[in-house]
Each structure stands twice: as structure tokens, then as C-alpha cells.
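J.: Structure provided below as C-alpha cells; questions to follow.
The values are calculated or read from the model by the stated rules, or taken from the named source; none is laboratory data. Model, not experiment: these values are computed from the prediction. Cβ placement follows ideal geometry from the backbone for every residue including glycine, while neighbour counts extend to all protein chains displayed. In case anyone asks, the SASA skips ligands and DNA or RNA and just uses the protein heavy atoms, side chains included. Shrake-Rupley method; radii C 1.70, N 1.55, O 1.52, S 1.80 Å.
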Amino acid sequence: MKHFGIELANAKFRYTSGDYGFDKETNTIYKSVTAIKNIGSETGDKLYALKDNHYPTFIDLLKDIDTNKCCNSRELDILIRIDYFSEFGNPNQLLEIVKLYNKFGSVKVLTKSKLTPQELEIASKYAHKATEKQLREIDTNGLLNELIGAIKASTDPLQQICYDVTYLGYTNRTYDAPYYAVTGLETNNYGTTYISLCNIQNGSNESYKLSRKWDIECEQGDILEISFEDKHKHTKDDNGNWVKTDVIEKRIKLFNVILKNPKTK
């Protein structure tokens, strides 16, 4: 692919269906949504059917997703986090928009006591009728547009790496900090646990054996700060005794969780 100048990219709205997609203008192959954990090909096909529609805002797209039953709330949350809808904003911004859409998208009556002070102040401007306890006949489009305009959420690169690894199992991004992303944990038949790590400074991947004395307090997607130590390998001699060899392997000494994956918050 590099020889032909072709880039391989993650799944993206308008380019990806239940199968791989190709954009000739940018010479890019986009992965299928089935490469994303817990997303099926049917979801990808339904979203791909919307690719030629014009959506001035993310709210307009959400309405079509609901009308056509393209995906459930869990799938939508995952797709947002892996930056599938990047043309509409960053993941954390879009997650906040979804919360507002779910709360106000189709309401015509609002109970004042269930609103935050900011929501009450803004919603009052878009209610055609009001009682002591309720706001009625709400202009939901106007209300949503103003509430969304106040969103300041952003997604920093480290958090995006956390999202990628949680739902994709890998990341193509790097970050200038001495941290590692957990891409997998596996325990063999002997009870030995191995942890797969991505060095997010350079993108390299390695697997390490964890000491049995540790409780596993990390999961796939977590971002760790790690200290390593060099240990001599041991082998059994002719008498069955363990002896130190000249072979040195790098082992994890200590680790500290810098950022938890979103599923464990």
C-alpha cells in the first residue's frame, strides 16, 4: 500500500459500510465498521445509506439515524468515541450533543424542577407557554441550537488514544509522553498473565509477563505509566535446580494508571 501511495484509515462516516470503502480522491482505504468492537455490518450498511445526504448539523444526522434505526445508543456512543463522525466535531463535543438531543430533541413540555439553572434560563426563551411548574410548546430546534452553542467540550490526544484502543484494540496515533496503552491482557493455562502494550510515543508494540503477586488493576484501553527492570532469565540445571542464565529480559516493575478506559468509569 505504501508503494502505491495508499493510506489505510479507520472507519469513517460517508466512506465506510459493512465492508471496506475506498476514496479515490485521497487514495484512502477505509476499514469496515466490523473492525470496531460490538459493531455489526448491518449498522455500517444503514449508516452508509445516508452518505449522500446533506446534514448542516449533527442534530440533523441524529434525527435521520433515529428515523432509519441505523444503530442503537451503545453503537452510536462507540462510533462517536472512535471519531467516526469527525466532520461534525470532536468526540467529547458530540457526546454532549447526544445528551442534549436525548433530553430535548422531541419534547414539547418541560418540567422546570428537572432543568439546570442554565437550561431553565435558555428554555424559557423558547417556550410559547409557561405555568408555575412547566414550560410548554417548546421550539426544540432553537433550544438545542443555543444549548449546543454553549458546549466547550474537547478531546485531547491522550483521551482519543484511550478511546481508540478500548474499541479498536489499537491506535495509529502517537503522543509525546512516556506512556503505554493496554491493547490486551491474556492469562495462559498456567495462570501467567501477559499484557500487550503500545508505546504511544513511537507506536511500537510489545508483550510482557506480569508478576503473579500483582492484582490486575488495568484493562484494555487504559493508559499506563510504567517503570521497567532488567532481569536474568532462569532455567533448570541437570539436577532440577533453577539457575540464573546470561539472558536478560525486560520486565515491568511498577505501573500507574494515568487514564481509565471509558467503560470502567
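J.: Tell me, which strands (runs of 3 or more DSSP E) wholly within the stretch 137-245 include 3 or more residues that are among the acidic types (Asp, Glu)? Explain how you work it out, then say what you get.
T.: Details: elements: 179-187, 193-199, 205-209, 223-236.
So the answer is 223-236.
J.: Further question: Would it be correct to say that ASP164 is of a type outside the set (Phe, Trp, Tyr) and open to solvent by 70 Å² or more (accessible area, probe 1.4 Å)? Steps first, please.
T.: Details: of a type outside the set (Phe, Trp, Tyr): yes; open to solvent by 70 Å² or more (accessible area, probe 1.4 Å): no.
It is false that ASP164 is of a type outside the set (Phe, Trp, Tyr) and open to solvent by 70 Å² or more (accessible area, probe 1.4 Å).
J.: Return only the number of the condition from (1) in a loop (DSSP other than H, G, I, E, B); (2) farther than 28 Å from LYS103 by Cβ that LEU8 does not satisfy.
T.: (1)
J.: How many residues are in contact with a Ser or Thr (Cβ under 6 Å, 6 or more places away or on another chain) and open to solvent by less than 40 Å² (accessible area, probe 1.4 Å) when one looks only at the stretch 1-10? Break it down stepwise before answering.
T.: Filtering the stretch 1-10 for residues in contact with a Ser or Thr (Cβ under 6 Å, 6 or more places away or on another chain) gives 7, 9.
Filter again for open to solvent by less than 40 Å² (accessible area, probe 1.4 Å), leaving 9.
Summing the residues that are in contact with a Ser or Thr (Cβ under 6 Å, 6 or more places away or on another chain) and open to solvent by less than 40 Å² (accessible area, probe 1.4 Å) in the stretch 1-10 gives 1.
J.: Mind listing just one residue for me: the one in the stretch 11-44 that is part of a loop (DSSP other than H, G, I, E, B) and among the hydroxyl-bearing types (Ser, Thr, Tyr) and, of those, most open to solvent (accessible area, probe 1.4 Å)? Give the steps one after another, and end with the answer.
T.: If we filter the stretch 11-44 for residues that are part of a loop (DSSP other than H, G, I, E, B), which is where we start, we get 11-20, 24-27, 31-32, 36-40.
Next cut, among the hydroxyl-bearing types (Ser, Thr, Tyr) only: 15-17, 20, 26, 32.
Working: TYR15: 89, THR16: 0, SER17: 20, TYR20: 127, THR26: 78, SER32: 4 Å².
That would be TYR20.
J.: Please pick out the residue among LEU143, LEU147, LEU135, LEU158 that is more than 33 Å from the chain's Cα centre (by Cα) and of a type outside the set (Gly, Ala, Ser).
T.: So the residue among LEU143, LEU147, LEU135, LEU158 that is more than 33 Å from the chain's Cα centre (by Cα) and of a type outside the set (Gly, Ala, Ser) is LEU135.
J.: When only residues in the stretch 217-233 that are modelled with pLDDT of 85 or more and of a type in the set (D, E, K, R) count, which is farthest from PRO262 (Cα to Cα)? Give the derivation first.
T.: Narrowing the stretch 217-233 to residues modelled with pLDDT of 85 or more: 219-227.
Within this subset, residues satisfying the condition of being of a type in the set (D, E, K, R) are 219, 222, 225.
Details: GLU219: 11, ASP222: 9, GLU225: 18 Å.
Out of the qualifying residues, it is GLU225.
J.: Residue by residue through the stretch 66-92, note down the ones that are farther than 20 Å from THR155 by Cβ and surrounded by 21 or more Cβ atoms within 10 Å (Cβ to Cβ). Walk me through how you get there before you give the answer.
T.: At the first step, the residues of the stretch 66-92 found to be farther than 20 Å from THR155 by Cβ are 66-72.
Result: CYS70, CYS71.
J.: Still on this structure: Return the pairs, sorted by first residue and then second, in which the second residue is of a type outside the set (A, V, I, L, M) and surrounded by 13 or more Cβ atoms within 10 Å (Cβ to Cβ), the first residue lies in the stretch 192-211 and is on the phi > 0 side of the Ramachandran plot and touching a residue at least 24 places away in the same chain (Cβ under 8 Å), the beta carbons are less than 6 Å apart, and the residues are 6+ apart or on different chains.
T.: Hits for this filter: GLY203/THR174.
J.: Continuing with the same structure: Only one of TYR194, TYR180, TYR190 is surrounded by fewer than 12 Cβ atoms within 10 Å (Cβ to Cβ) and of a type outside the set (A, V, I, L, M). Can you tell me which? Outline the logic, then answer.
T.: Details: TYR194 fails: surrounded by fewer than 12 Cβ atoms within 10 Å (Cβ to Cβ); TYR180 fails: surrounded by fewer than 12 Cβ atoms within 10 Å (Cβ to Cβ).
Exactly one of TYR194, TYR180, TYR190 is surrounded by fewer than 12 Cβ atoms within 10 Å (Cβ to Cβ) and of a type outside the set (A, V, I, L, M), namely TYR190.
J.: In the stretch 45-55, which residues are open to solvent by 10 Å² or more (accessible area, probe 1.4 Å) and outside any loop (DSSP other than H, G, I, E, B)?
T.: ASP45, LYS46, TYR48
J.: Restricting to the stretch 56-109, name every residue that is part of a helix (DSSP H, G or I) and small (Gly, Ala, Ser). Quick ask: steps written out before the conclusion?
T.: First, pick out the residues of the stretch 56-109 that are part of a helix (DSSP H, G or I): 58-67, 73-81, 86-88, 91-104.
Within the stretch 56-109, SER73, SER86 meet the criteria.
J.: Name the one entry in ILE65, ILE59, ILE36, ILE29 that is of a type in the set (Val, Ile, Thr), out of contact with any strand residue (DSSP E or B) (no Cβ under 6 Å at 6 or more places or on another chain) and closer than 25 Å to THR183 by Cβ. Walk me through how you get there before you give the answer.
T.: Numbers: ILE65 fails: closer than 25 Å to THR183 by Cβ; ILE59 fails: closer than 25 Å to THR183 by Cβ; ILE29 fails: out of contact with any strand residue (DSSP E or B) (no Cβ under 6 Å at 6 or more places or on another chain).
Sole residue among the options that is of a type in the set (Val, Ile, Thr), out of contact with any strand residue (DSSP E or B) (no Cβ under 6 Å at 6 or more places or on another chain) and closer than 25 Å to THR183 by Cβ: ILE36.
J.: Specify the residue that is farthest from TYR170 (Cα to Cα); the eligible residues are those in the stretch 30-82 that are β-branched (Val, Ile, Thr) and within 18 Å of the chain's Cα centre (by Cα). Spell out the reasoning first.
T.: We begin by selecting, within the stretch 30-82, every residue β-branched (Val, Ile, Thr); these are 33-34, 36, 39, 43, 57, 59, 65, 67, 78, 80, 82.
When the remaining residues are screened for being within 18 Å of the chain's Cα centre (by Cα), the result is 33-34, 36, 39, 43, 78, 80, 82.
Numbers: VAL33: 14, THR34: 14, ILE36: 10, ILE39: 16, THR43: 21, ILE78: 15, ILE80: 16, ILE82: 11 Å.
That would be THR43.
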